[in-house]
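Shown next, in structure tokens, is the structure this report addresses.
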Amino acid sequence: TFSEEPEVTEPISREAVELARRLGDLPSLGGALRARWMAVWGPDGLEERAGLAEETLRLARATGDPELELAGRVRRVTSSLQSGDVGGVEADIAACARLADELRMPSHRWTATTMQAMWALLRGALDEAEALAEQARAAQPDGPNASFAYNDQLEMLRWFQGRPHELSQAWREEV
């Protein structure tokens, strides 16, 4: 997925999905679908990503895997957001929060709360977005991407609040 040779990523990720399907290896298929979703990132990949998210959710239901369901819903939120399906975004964010509560793992709570913060920010609910961003940061302060996501949301919040000058300290801490 994160190869420095993007021309290799597409065929290898496609082959991984096909191989896992052919072998009926459901755990490998879940991982391959997740990787393929990232491999086709970009404006031309929206339709395929939406299909991959749906297949991931079908696989999660068939196997009873709540973590795979969470991954599928996160991917479907992104695809729904990119295609303008507001109802789908809201339903899947709510489902992600429910799953994160059931799974009781900091990384899943961080994911769900970060998505809630993003959605609040996009709706213009700035106070709610800030409170949720803080909750997400507290759920997994040292997790991968946690600092980046928090600072990204904070930058947008401060910009919309007319307070971008407050960001200089946060930027210095990241360097």
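Taking Cα pairs under 8 Å and at least six residues apart, what relative contact order does the range 1-143 come out at, in percent? The partial results should precede the final answer.
Numbers: 152 pairs, mean separation 19.6, N = 143.
Relative CO of the range 1-143 lands at 14 percent.
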Gain on full stretching of the segment that runs from GLU90 to GLU48 - 0.36 nm per residue minus C-alpha separation: 13.0 nm
Net dipole in debye of the chain [+1 Lys, Arg Cβ; -1 Asp, Glu Cβ; about Cα centre; nearest 20]: 380
Those residues of the range 91-125 whose amide nitrogen sits under 13 Å from the label point placed on PHE160, 7 Å along Cα→Cβ: 116-125
When the range 1-148 is reduced to its Cα atoms, the Kirkwood hydrodynamic radius in Å: 16.1
For the range 14-25, 3J(HN,Hα) per residue [Karplus equation, 6.51 cos²θ - 1.76 cosθ + 1.60, θ = phi - 60°, Hz, x = Gly/Pro]: 5, 5, 4, 5, 4, 5, 5, 5, 4, 7, x, 8
Förster radius 22 Å - calculated FRET efficiency between ASN145 and MET105, Cβ distance, rounded to 0.05: 0.90
Share of carbon and sulfur in the accessible heavy-atom surface of the chain [1.4 Å probe, %]: 54
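Roughly speaking, what % of Cα-Cα pairs in the range 9-87 are separated by over 19 Å, rounded to a whole number?
31
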Efficiency of FRET between TRP41 and ARG123 - r from beta-carbon atoms, R0 25 angstrom, step 0.05: 0.55
Accessible surface, per residue, of the range 35-175 when the full set of protein chains is kept, probe 1.4 Å, Å²: 54
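The values are calculated or read from the model by the stated rules, or taken from the named source; none is laboratory data. Values in this document were obtained by computation on a predicted structure and should not be read as measured data. FYI the Cβ positions are ideal-geometry reconstructions off the backbone, even for glycines, and counts take in every protein chain you see. To get the accessible areas, we keep the full protein, side chains included, count just its heavy atoms, and leave off ligands, DNA and RNA. Shrake-Rupley method; radii C 1.70, N 1.55, O 1.52, S 1.80 Å.
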